[in-house]
Amino acid sequence: MLTVITPVAPSYLRYQKPHHRISTSLFVLAAAGAKRAMVTGNSSSSSGNAGAYTTVKERVTFEREIKKSKFIAIAGPISDERSALSFLSQVRDPRATHNCWAYKVGDQYRSNDDGEPSGTAGKPIHSAIVSSGIDRVMVVVIRYFGGIKLGTGGLVRAYGGVASECLRNAPTCLVKSKVPMGVEVPFDLLGILYHQLQPFQVEDIKQDYDTGKDGISMVTFKVDFDQAEKLEEAVKANCSRELEFFKH
């Protein structure tokens with residue numbers, strides 16, 4: 001059973017002034033600060049895994065002080081690169097020393113060291129996401145430098161550690177992809193069909209009487225990918241005539 005932890009936004013998020021709108025280019029965004037940032041990622045255009053995936057239900061924050069530097073990790077659900085950039089613009093703090101981040105959407109990912117030594121921030125954050133098993137999520141780790149250098153290994157442990165803790169504390173949910181289906185139904189069986197659809201919690205039900213066939217209506221809907229075959233079997237078992245299903 002999941003323990004829901006209500007995330008509380010830190011004070012700098014509640015009272016910070018609005019930021020300038022960020023560029024849609026990750027490289028422009030990385031160059032916008034006074035320090036050089038590193039952006040890594042694969043070239044896959046995949047928008048996510050088929051079937052089902054686990055993601056965070058809502059934004060959550062984890063904070064830790066390490067050798068006088070304050071690290072604040074903020075994780076939130078995203079759907080694509082555009083929503084990742086929007087999330088970053090909402091949570092990044094221009095007053096901080098570094099705003100490092102990574103996100104993952106299926107096989108697509110990006111990470112940014114934002115001025116930290118190459119590979120010491122963005123990659124550990126991305127590794128924490130992969131290890132968590134959570135998808136369609138972004139984690140931004142904000143650092144306020146406290147005057148003591150952590151070294152390469154210390155940075156990797158710090159960024160990866162707070163990202164992992166943040167995701168470990170995040171409430172999650174299982175999201176199942178929906179598949180579109182359609183079925184041709186005689187008018188007198190529409191009541192039976194709708195009764196059978198109810199337990200499967202189908203979405204986007206539409207009905208079209210203009211099928212070119214007398215007394216036949218086309219009903220389309222979306223159902224969880226792992227329930228499609230069960231729904232078809234249930235409908236056929238409770239109707240007195242053979243119905244033709246269409247899957248997209």
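A few notes on this one:
- When the test is whether a residue is more than 17 Å from residue 60 (Cα to Cα), surrounded by fewer than 19 Cβ atoms within 10 Å (Cβ to Cβ), among the aliphatic types (A, V, I, L, M) and under 21 Å from the mean Cα position of the chain (by Cα), residue 105 does not pass it.
- Counting residues in region 161-170 that are open to solvent by 70 Å² or more (accessible area, probe 1.4 Å) and within 30 Å of residue 148 (Cα to Cα) gives one or more.
- First in region 51-63 and in contact (Cβ under 8 Å) with a residue 12 or more places away in the chain, second anywhere and part of a loop (DSSP other than H, G, I, E, B) and open to solvent by 70 Å² or more (accessible area, probe 1.4 Å), Cβ under 6 Å, 6 or more apart: none
- If you filter region 137-147 down to residues that are modelled with pLDDT of 95 or more and surrounded by fewer than 23 Cβ atoms within 10 Å (Cβ to Cβ), you find that the one that is nearest to residue 104 (Cα to Cα) is 144.
Okay, residues lined up against (1) of a type in the set (Lys, Arg); (2) open to solvent by 90 Å² or more (accessible area, probe 1.4 Å); (3) closer than 22 Å to residue 53 by Cα; (4) in contact (Cβ under 8 Å) with a residue 60 or more places away in the chain:
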site: 220; (1), (2), (3), (4): no, no, no, no
site: 226; (1), (2), (3), (4): no, no, yes, yes
site: 233; (1), (2), (3), (4): no, yes, no, no
site: 240; (1), (2), (3), (4): no, yes, no, no
site: 245; (1), (2), (3), (4): no, no, no, yes
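- All of 111, 127 fail the test of being at pLDDT 95 or above, among the hydroxyl-bearing types (Ser, Thr, Tyr) and open to solvent by less than 30 Å² (accessible area, probe 1.4 Å), apart from 111.
- Residue under evaluation residue 211, criteria (1) polar (S, T, N, Q); (2) open to solvent by 60 Å² or more (accessible area, probe 1.4 Å); (3) part of a loop (DSSP other than H, G, I, E, B), criterion not met: (2)
- There is no residue in region 185-200 that is within 19 Å of residue 51 (Cβ to Cβ), open to solvent by less than 30 Å² (accessible area, probe 1.4 Å) and outside any loop (DSSP other than H, G, I, E, B).
- Residue within region 189-203 that is out of contact with any Pro (no Cβ under 7 Å at 6 or more places or on another chain) and either modelled with pLDDT under 85 or at positive phi (or both) present: yes
The values are calculated or read from the model by the stated rules, or taken from the named source; none is laboratory data. Bear in mind that the values here come from a model prediction, so they are computed numbers and not experimental data. We place every Cβ from the backbone using ideal geometry, glycine too, and count neighbours over all the protein chains shown. Each accessible area value is taken on the protein alone, full model and side chains, heavy atoms only, with ligands, DNA and RNA left out. Shrake-Rupley method; radii C 1.70, N 1.55, O 1.52, S 1.80 Å.
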